[in-house]
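Enquirer: First the structure, which I've put down as structure tokens, then a few questions once you've had a look.
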Amino acid sequence: MISRIDLRGDSLPEGGALRDLLPRAEFDVAAALDKVRPICEDVHHRGTAALIDYAEKFDGVKLDRVRVPAEALAKALAGLGPEVRAALEESIRRARIVHREQRRAPHTTQVVPGGTVTEKWVPVERVGLYAPGGRSVYPSSVIMNAVPAQEAGVESMALASPPQADFDGLPHPTILAACALLGIDEVYAVGGAQAVAMFAYGTEGPDGCAPANMVTGPGNIWVAAAKRYFTGRIGIDAEAGPTEIAILADDTADPAHVASDLISQAEHDPMAAAVLVTDSTALADAVEKELEPQVAATKHIEDRIKPALAGRQSAIVLVDGLEEGLRVVDAYGAEHLEIQAADATAVAGRVKNAGAIFIGPWAPVSLGDYCAGSNHVLPTGGCACHSSGLSVQSFLRGIHIVDYTRDALADVAHHVVTLAEAEDLPAHGAAIKARFGWEVPGK
């Protein structure tokens, strides 16, 4: 059901050579660009009419409008089951606790007497959020995108999610209910690349969508390609690829826990990655044995879980010891990394590359997906070596404010002029000289 990669015996290679030995899903965003480009430009030129046409073509629904009416949001919330509502409210509450603590305060540094630099943090003015609507419904992703934006102080926010034939062309009612709980009243029944294009260009008319400065939220390869297409015009969170879990475990780990956590991510998508890194052959054998009955007892077996576990992106990786295991998981840079080993807290403290780390047997990835308070919008495809998950900081811009007196400028004027001349930019130096009657102090 799942392959093995044996890295024992020989010394592990460095850097990219080690990454090349590890399993990874194929996710060619560049190849998808050619297909999303005409869609994006069609939305640019035809606006809402193009969105309606693509809803019929890709989602199988005939729409009269793409803006979700307020009464549909209210109806979805009223129809939400009490247990689901309570769970969503608790997820929102915990996310707010964590993300509220992330907001940075302005800070002023006195560089010299009379010369200060202040850094202030300003939220993005308008954000477009995307909630997928393909194989599963993800109200949790609405929470994970909206809460940090709200805590950052974003004033204008809209959400897009694909129209559903089963719900009269509206997004899934649980998505709409989550929006209502969060106070998001601007919602569009638009999916895929065309949703990103709508946010990037904006659309006109009574139900038109104003352009956004930034678009965040997970999606399929077409959403990722559209984000790449618009990079520079809009800010993005990331080009999210298939979800992934890596588990670093030793012989103290419970094989039933390890197997269940691998399966939990495999049920997202047939391209989802499930990787176990261990120095225990006994644990590897026990996990493989556990996978069979657990997979047989769950849902989405043939269309998601089995293809994901059997795919090239999933494997059990055998290593000589914990040190080698740490090198492997750092090279892999997992979206989600579980540490199920003796002294897991100390081991987690040594990890350099991961989107989020889950320590010990009582912090599974599923907790982070919903109710840990952390954010589940995380870097995939090894991008954790240079990128972070979604946070309040994702929606804030740091702006430096420079305030110098005449004396403070005079003290450093000769250095500025010297550097300007060294770079053959005499007008830069002249801008300083003009302030002192062309006689630069200290020159």
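Enquirer: In square nanometres, what is the average projected area of the Cα convex hull of the stretch 237-388? Write down the numbers at each step before the final one.
Expert: Values: hull surface 32.9 nm².
Computing the convex hull of the Cα atoms and averaging its projections yields 8.2 nm².
Enquirer: Still on this model: Alpha carbon centre of the stretch 378-409 versus the stretch 35-67: separation in Å?
Expert: That distance is 35 Å.
Enquirer: Given points 7 Å out from each Cα along the Cα-Cβ axis, report the Val412 to Asp185 separation in nanometres with one decimal.
Expert: 4.8 nm
Enquirer: Counting helices only, and only those DSSP H runs with n ≥ 4, report the 222 nm mean residue ellipticity of the chain as the sum of -39,500 (n - 2.57) divided by its residues, in deg cm²/dmol to the nearest 500.
Expert: Details: 17 runs with 188 residues, N = 443.
For the chain, the value works out to -13000 deg cm²/dmol.
Enquirer: Expected output is a single nm value to one decimal: the length gained when fully extending between Ala210 and Arg435, i.e. 0.36 nm times separation in residues minus the C-alpha distance. What is it? Don't skip to the end; give the middle numbers.
Expert: Details: separation 225, 0.36 × 225 = 81.00 nm, distance 4.38 nm.
Going from the current span to full extension adds 76.6 nm.
Enquirer: Return the FRET efficiency for the residue pair Glu56, Asp34: r is the Cβ-Cβ distance, R0 is 30 Å, and the value is rounded to the nearest 0.05.
Expert: On the way: r = 23 Å, r/R0 = 0.75.
Efficiency, rounded to the nearest 0.05: 0.85.
Enquirer: Can you tell me the convex hull volume per residue for the stretch 329-384, based on C-alpha atoms, in Å³ to the nearest whole number? Don't skip to the end; give the middle numbers.
Expert: Working: hull volume 4.0 nm³, N = 56.
Considering the Cα atoms of the stretch 329-384, their hull volume per residue is 71 Å³.
Enquirer: Tell me the relative contact order for the stretch 115-169 as a rounded percent, counting alpha carbon contacts under 8 Å between residues six or more apart. Don't jump to the answer; show the numbers that get you there.
Expert: Details: 48 pairs, mean separation 25.5, N = 55.
In percent, rounded to a whole number, it is 46.
Enquirer: Rg/Rh for the chain: what does it come to with C-alpha atoms and Rh from Kirkwood? Before the final figure, lay out the partial values.
Expert: Details: Rg = 25.6 Å, Rh = 24.2 Å.
My calculation puts Rg/Rh at 1.05.
Enquirer: Which residues among the stretch 9-28 fall inside the zone where the amide N is under 12 Å from a point 7 Å beyond the Cα of Glu323, along Cα→Cβ?
Expert: Residues 11-12 fall inside that zone.
Enquirer: I need the chymotrypsin sites (Phe, Trp or Tyr not before Pro) found in the stretch 367-443, filtered to DSSP loop residues with at most 10 other beta carbons within 10 Å of theirs.
Expert: Numbers: sites: Tyr370, Phe395, Tyr404, Phe436, Trp438; in loops: Trp438.
Here the sparse-neighbourhood loop sites are Trp438.
Enquirer: Could you list log10 I(q)/I(0) for the stretch 251-316 at q = 0.24 Å⁻¹, which the Debye formula gives when each Cα is one point scatterer?
Expert: Taking Cα atoms of the stretch 251-316 as identical point scatterers yields -0.98.
Enquirer: Regarding the stretch 331-438, what's the average projected area of the Cα-atom convex hull, expressed in nm²? Mind dumping the intermediate values first?
Expert: Working: hull surface 47.7 nm².
Directional mean of the projected Cα hull area for the stretch 331-438 stands at 11.9 nm².
Enquirer: Ok, one more. For the stretch 209-219, just list the computed ³J(HN,Hα) in residue order, Karplus coefficients 6.51, -1.76 and 1.60, θ = phi - 60°, integers in Hz, with x standing in for Gly and Pro.
Expert: Values per residue, Gly and Pro as x: 10, 5, x, 9, 7, 8, 10, 10, x, x, x Hz.
Enquirer: Related question: Give the Cα extents of the stretch 9-88 along the principal axes, in whole Å, largest first.
Expert: Over the stretch 9-88, Cα extents along the principal axes are 64, 43, 19 Å.
Enquirer: Can you run phi through the Karplus equation (6.51, -1.76, 1.60; θ = phi - 60°) for the stretch 190-205 and list ³J(HN,Hα) in whole Hz, with x for Gly and Pro?
Expert: 9, x, x, 4, 5, 5, 5, 5, 4, 5, 6, 9, x, 9, 9, x
Enquirer: Right, here's the next one. Which translational diffusion coefficient, to the nearest whole µm²/s, is obtained for the stretch 199-316 from the Stokes-Einstein equation, given a Kirkwood hydrodynamic radius over C-alpha pairs, 25 °C and 0.890 mPa s? Please list the in-between numbers first.
Expert: Numbers: Rh = 16.5 Å.
The calculation lands on 149 µm²/s.
Enquirer: Residue-wise, which Karplus ³J(HN,Hα) couplings in Hz belong to the stretch 73-89, taking 6.51 cos²θ - 1.76 cosθ + 1.60, θ = phi - 60°, and x for glycine or proline?
Expert: The phi angles translate into 5, 5, 5, 5, 5, 5, x, 6, x, x, 6, 5, 4, 4, 5, 5, 5 Hz.
Enquirer: Separation between the Ala70 and Glu101 pseudo-spin-labels, each 7 Å from Cα along Cα→Cβ, expressed in nm?
Expert: Between Ala70 and Glu101, the label points sit 3.7 nm apart.
Enquirer: State, to one decimal in nm, how far the label point of Val84 lies from the label point of Ala296, with both points 7 Å from Cα in the Cβ direction.
Expert: Each label point lies 7 Å from its Cα, and together they span 3.2 nm.
Enquirer: Turning to a different aspect of this structure: Which order do the peptides 2-14, 118-130, 257-269 take when ranked by the mean count of other beta-carbon atoms within 10 Å per residue, highest first? Provide the component values of the computation, followed by the final result.
Expert: Values: 2-14: 13.1, 118-130: 20.2, 257-269: 23.5.
The packing order, highest mean first, is 257-269, 118-130, 2-14.
Enquirer: What's the magnitude of the charge dipole for the stretch 324-443 around its Cα centre, counting Lys and Arg as +1 and Asp and Glu as -1 at the beta-carbon? Answer in Debye, nearest 20.
Expert: On the way: 8 positive and 13 negative charges, 37 e Å.
Here the size comes out at about 180 debye.
Enquirer: Please list, in chain and number order, the residues 5+ apart from Glu335 or on another chain whose amide H is under 5 Å from its amide H, with Hs placed from the backbone.
Expert: Answer set, sorted by chain and number: Glu244, Gly355, Gly381, Gly382.
Enquirer: What's the extension gain from Thr281 to His45 if we count 0.36 nm per residue and subtract their Cα-Cα distance?
Expert: Values: separation 236, 0.36 × 236 = 84.96 nm, distance 5.90 nm.
Taking Thr281 through His45 to full extension adds about 79.1 nm, to one decimal.
Enquirer: How far is the Cα center of the stretch 168-207 from the Cα center of the stretch 79-147, in Å?
Expert: After rounding, the separation between the Cα centres reads 19 Å.
Enquirer: Can you tell me which aspartates and glutamates have their Cα less than 19 Å from the Cα of Lys289? Leave out same-chain residues fewer than eight positions away.
Expert: Excluding near neighbours in sequence, the set is Asp6, Asp250, Asp251, Asp254, Asp261, Glu267, Asp279, Glu302.
Enquirer: Given 0.36 nm per residue, what is the gain on full extension from His386 to Met1 after removing their alpha carbon distance, in nm? Write out the running numbers ahead of the final one.
Expert: Details: separation 385, 0.36 × 385 = 138.60 nm, distance 3.22 nm.
Answer, rounded to one decimal: 135.4 nm.
Enquirer: Tell me the relative contact order for the stretch 83-174 as a rounded percent, counting alpha carbon contacts under 8 Å between residues six or more apart.
Expert: Working: 101 pairs, mean separation 25.9, N = 92.
It rounds to 28 percent for the stretch 83-174.
Enquirer: Over 29 Å between C-alpha atoms is what I'm after, so list which of Lys35/Lys62; Lys57/Lys227; Lys35/Lys352; Lys35/Lys299 land there. Could the numbers behind the result be given before it?
Expert: On the way: Lys35/Lys62 23 Å; Lys57/Lys227 21 Å; Lys35/Lys352 36 Å; Lys35/Lys299 33 Å.
Beyond 29 Å between Cα atoms: Lys35/Lys352; Lys35/Lys299.
Enquirer: Around Gly169, which amide H atoms from residues at least 5 apart in sequence, or from another chain, sit under 5 Å from its own amide H, with H modelled in the peptide plane?
Expert: Answer set, sorted by chain and number: Gln164.
No value in this document is a laboratory result; all are computed from the given coordinates. Please read these numbers as outputs of a predicted model, since none were measured by experiment. No Cβ is skipped: glycine too gets one built from the backbone with ideal geometry, and neighbour counts run over all protein chains shown.
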